[in-house]
Amino acid sequence: MTQAIQEDDRPLKPALKRGWRQRCPNCGVGPMMKGFLKVRDECPVCKEALHHHRADDGPAYLTILVVGHLMAPLIVWFFVEFRPEPMVMISVFTVGCVALSLFLLPRFKGAIVAIQWSKYMHGFRKA
């Protein structure tokens, strides 16, 4: 097992950290995203090809999972504790859910692309 760790030239943990920060999983300097969710074809710094990724619906599913598990108990607690007016509750939690979703979605996409890069999945080949 230690031999496999030594041979791994694309360790997962640093790649995940770089992907979460929306940076190139190879160099950690170049921006991975061209827009909000559009992944660049290659890193502008190290020229690592990133167009092989297949993130698809994974980031959306993870975002829904995390936002739902964080906000649902908070909504119940807030309602039981404070008994706010329905429109106040709808307004506050709609803004909270949207803001958290917009924060998490590109970060999950970067992390999924980094996992695929690290594990040589979907066309990310060894050089």
Residues being touching a helix residue (DSSP H, G or I) at 6+ places or on another chain (Cβ under 8 Å) and assigned to a loop (DSSP other than H, G, I, E, B) - total across region 94-127: 4
Number of the condition not met by residue 68 [criteria: (1) crowded, with 16+ Cβ neighbours inside 10 Å; (2) in a helix (DSSP H, G or I); (3) small (Gly, Ala, Ser)]: (1)
Residue within region 97-105 that is surrounded by 17 or more Cβ atoms within 10 Å (Cβ to Cβ), touching a strand residue (DSSP E or B) at 6+ places or on another chain (Cβ under 7 Å) and either closer than 28 Å to residue 9 by Cα or aromatic (Phe, Trp, Tyr) (or both) present: no
Residue among 112, 90, 75 that alone is exposed (fewer than 14 other Cβ atoms within 10 Å of the Cβ) and β-branched (Val, Ile, Thr): 90
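Read-outs: derived from the displayed coordinates by stated rules, not from any lab. If you're wondering where the values come from, they're calculated on a predicted model, not measured in any experiment. Don't worry about glycine lacking a Cβ; one is built from the backbone with ideal geometry, like all the others, and counts go over all protein chains shown.
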